[in-house]
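Since the structure comes first, as structure tokens, the remarks are kept for the end.
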Amino acid sequence: MGQLVTFQCPGCFRYWVLSSEALEPITVFRVAPQESAREADEAGRIHLPFWLVEVDGAGIKAQIEDAVKELQGASQAVLQTGFAGVSVMKLPASSEMGFLAERLEKLGSLVVYVPAFKSLNTYAYLKVGRLLTRIQPSFALERSDGAGHPILCALRSEEAVALVDFIFFATLPESIQENGDFLQRIHLAPARPPRLVELPFRMRGASLVSVIGGFWISGRLVDGVESLVQ
Amino acid sequence: MIAGQTVATKDACAPSFTGAQRTATREPTPAYGATCPECGGTIRINEGDRSVRCGYCGSALYVVSPRGVQSYVLQPKVTPAKARLASIHYMTGHTGGRIGAHNTSIIDMRLIHVPFWRMRGRLMGWISGDRVKAVSVETTPENPSASPVYPTVRDEHESYSRLLFKRVDWSTPACALPCLGLQGISLRTGFLEWDVLDGARRGEHTIALPMRSERNVRKDALSYLTRLAVPAGTTVRASRFHLFDSTFSLHYYPVYMLRYGCAGRMYTITIDGANGAVVHGEVPRKRRVDAKALFFTPAVLAFFAATWFPLVAIALAAAYALDTAQARAYLPPHEWLALRIERLLGGED
């Protein structure tokens, strides 16, 4: 379980991905450090792989509006016919929906961060993915040269796309998460092919601190970190 | 496999099966022969292998699908003699010493490797629904003259949602062998030392063939895991699950199947080849005297046979007395009986 799908050549540091038929070269991106801090910062950094799946914000907003409309219509119909024993579909609070739709519209495109590192604690995936997707950090990307301490990817891009819905749901308030009738109508489709990006973390004690997110996670959640530190 | 060594492309690495055909005549195993695209040396690829290293030039080669399923076998830790002894102990123990080695004949004993599918992967899911809670409430009655309040129990629905992300290690029998009595094996623990079952070693074992496909097993696993994810006392309104990063392997577990005869009938005992425990066993049943069939039923029948005439007379007397009391008039018994028979046969009142 959790087998690596990318490999790095020890000679030229190029990355290869294990597709269904062969090993193919893959372009991996990395967060570009600021020029002033480049030298000092690079030394202690650990790069964890994430699939960045970009979803069109307007598309999600439209889905939300359609789902609300559909639920309102269905509830009205049930109330008018007055069928006994039929449960009225739950409607999400309009204030929360309005806030969510407005936020997505403002963002333009929502980037869902799907963790791709190998982990013994699988809940770490959900936790880290949720934190980064909520924050939506802004940074510049550059092509990774494979230097430093990259942790290799253990998740295929197709799988990452399939997990996008779950990570998006995890970022929502609990009141919306509990609305099954509403959420089951929401499906996030990637606007462009997912990109594999190495995000920088710094080891502080036994914790990994996200350089771009500001949060920290236990270092034990990520397989292979201990060996890099030693 | 590390990129940077020779990476074989699809065309270059596609195994040439001519080699396999050549070797098939000498050694009938499912391993495929192929030639190294770099040096032309002969390489051997076993079922389930993802990558292989050329023994001549050291090139790391990637095996193009289909790769098959990796198989593992567990060597028996129990000798046939111990298995036989365990079965005799079982027979003696379960028949209260009636049946032992002296009055049974062991017909045959076989070591069979029973296949189990093992699926390892990760499951991500989201469930949303209602949690039903019984709440005691005090109700005011509509009628003011009744008691002021009375307690009633009402169901309260509370919304819940759950996101889950868990590692899955699941096993299920790969063939239907109900007579063996095996339900599943614990594969998570590292106590069992599984050996890779490659083509060369396949002929060394008697193995039962898997009858369920990988696809069906995946479906079963997903349905089992989704059922397990639903909390008790809840109803699900919506859910979504995704099983990913899954790998399948076949594990062949050793089992001794012993057949013995006793009083003209055949019985089977299955012994775990790893720990010597009896998994499933049949023993001759003790013949019991059925008291109900032998005594009570004939006794009841005999009672009715002896007393049917007085019972009929008693019933007629009771009916006569009842009719006389209801009519408040006396009618001689023979006339009453004639009237009753006439009514019974459809005569007019």
Quick one: what pairs do we get from region A:6-25, first residue more than 8 Å from every other protein chain (Cβ to nearest Cβ), second assigned to a strand (DSSP E or B) and surrounded by fewer than 17 Cβ atoms within 10 Å (Cβ to Cβ), C-beta under 6 Å, 6+ apart or different chains? A:Val17/A:Glu24
For region B:217-233, give me each residue that is surrounded by fewer than 16 Cβ atoms within 10 Å (Cβ to Cβ), touching a strand residue (DSSP E or B) at 6+ places or on another chain (Cβ under 9 Å) and not in a loop (DSSP other than H, G, I, E, B). B:Asp220, B:Tyr224
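Is there a residue in region B:176-192 that is modelled with pLDDT of 80 or more and either outside the structural domain of B:Gly273 (by TED's automatic domain parsing) or at negative phi (or both)?
Just the residues of region B:176-192 that are modelled with pLDDT of 80 or more, to begin with: none.
No, there is no match, as no residue in region B:176-192 is modelled with pLDDT of 80 or more and either outside the structural domain of B:Gly273 (by TED's automatic domain parsing) or at negative phi (or both).
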Going by the structure shown, is B:Gly261 under 60 Å from the mean Cα position of the chain (by Cα), among the small types (Gly, Ala, Ser) and part of a strand (DSSP E or B)? yes
Of the conditions (1) away from chain A (no Cβ under 14 Å); (2) loosely packed, with under 15 Cβ neighbours inside 10 Å; (3) within 28 Å of the chain's Cα centre (by Cα), the single one that B:His251 does not satisfy is (2)
Across region A:154-163, the tally of residues that are part of a helix (DSSP H, G or I) and aliphatic (A, V, I, L, M) stands at 4
Does A:Gly44 count as modelled with pLDDT of 80 or more, away from chain B (no Cβ under 13 Å) and closer than 29 Å to A:Phe117 by Cα? no
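Which residues, counting only those in region B:156-175, are of a type in the set (Gly, Ala, Ser) and buried (at least 19 other Cβ atoms within 10 Å of the Cβ)? Let's see the steps before the verdict.
Keep residues of region B:156-175 that are of a type in the set (Gly, Ala, Ser), which gives B:159, B:161, B:171, B:174.
Those that are of a type in the set (Gly, Ala, Ser) and buried (at least 19 other Cβ atoms within 10 Å of the Cβ): B:Ser161, B:Ser171, B:Ala174.
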Residues located in region A:112-152, provided they are closer than 19 Å to A:Phe215 by Cβ, among the aliphatic types (A, V, I, L, M) and surrounded by fewer than 18 Cβ atoms within 10 Å (Cβ to Cβ): A:Ile135
Between residues in region B:228-253 that are farther than 25 Å from B:Thr172 by Cα and residues that are crowded, with 16+ Cβ neighbours inside 10 Å and acidic (Asp, Glu), which pairs lie under 9 Å by C-beta distance while being six or more apart or on different chains? B:Thr234/B:Asp130; B:Thr235/B:Asp130; B:Val236/B:Asp130; B:Arg237/A:Asp181; B:Arg237/B:Asp130; B:Ala238/A:Asp181
Across region A:153-163, what is the number of residues that are buried (at least 20 other Cβ atoms within 10 Å of the Cβ), more than 8 Å from chain B (Cβ to nearest Cβ) and hydrophobic (A, V, I, L, M, F, W, C)? 2
I'm told B:Ala134 meets every condition in (1) exposed (fewer than 15 other Cβ atoms within 10 Å of the Cβ); (2) in contact with a Ser or Thr (Cβ under 8 Å, 6 or more places away or on another chain) except one. Can you identify the failing condition by its number? (2)
Taking the stated definitions as given, is B:Gly121 modelled with pLDDT under 80 and within 35 Å of the chain's Cα centre (by Cα)? no
Does B:Thr324 meet the test of being outside any loop (DSSP other than H, G, I, E, B), in contact with a Cys (Cβ under 7 Å, 6 or more places away or on another chain) and farther than 30 Å from B:Gly121 by Cα? no
Just to verify a result, which residue in region A:164-222, among those that are under 30 Å from B:His157 (Cβ atoms) and either assigned to a strand (DSSP E or B) or among the charged types (D, E, K, R) (or both), is nearest to the other protein chains (Cβ to nearest Cβ)? A:Glu178
Can you run down the residue pairs with Cβ atoms below 9 Å, 6 or more apart or on separate chains, where the first is in region A:74-102 and among the charged types (D, E, K, R) and the partner is part of a helix (DSSP H, G or I) and at pLDDT below 70? none
Can you find a residue in region A:133-140 that is more than 7 Å from chain B (Cβ to nearest Cβ), without any contact (Cβ under 8 Å) to a residue 60 or more places away in the chain and out of contact with any Ser or Thr (no Cβ under 7 Å at 6 or more places or on another chain)? yes
Looking at (1) outside any loop (DSSP other than H, G, I, E, B); (2) under 30 Å from B:Phe165 (Cβ atoms); (3) not hydrophobic (A, V, I, L, M, F, W, C), which is the only condition B:Tyr256 fails? (2)
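In region A:17-41, what residues are of a type in the set (Lys, Arg) and modelled with pLDDT of 60 or more?
Taking region A:17-41 first, the residues of a type in the set (Lys, Arg) are A:30, A:38.
If the condition is that a residue be of a type in the set (Lys, Arg) and modelled with pLDDT of 60 or more, then A:Arg30 is the only one that fits.
The values are calculated or read from the model by the stated rules, or taken from the named source; none is laboratory data. Everything numeric in this text was worked out from a predicted model, so none of it was measured. Note that we place each Cβ from the backbone using ideal geometry, even for glycine, and neighbour counts take in every protein chain shown.
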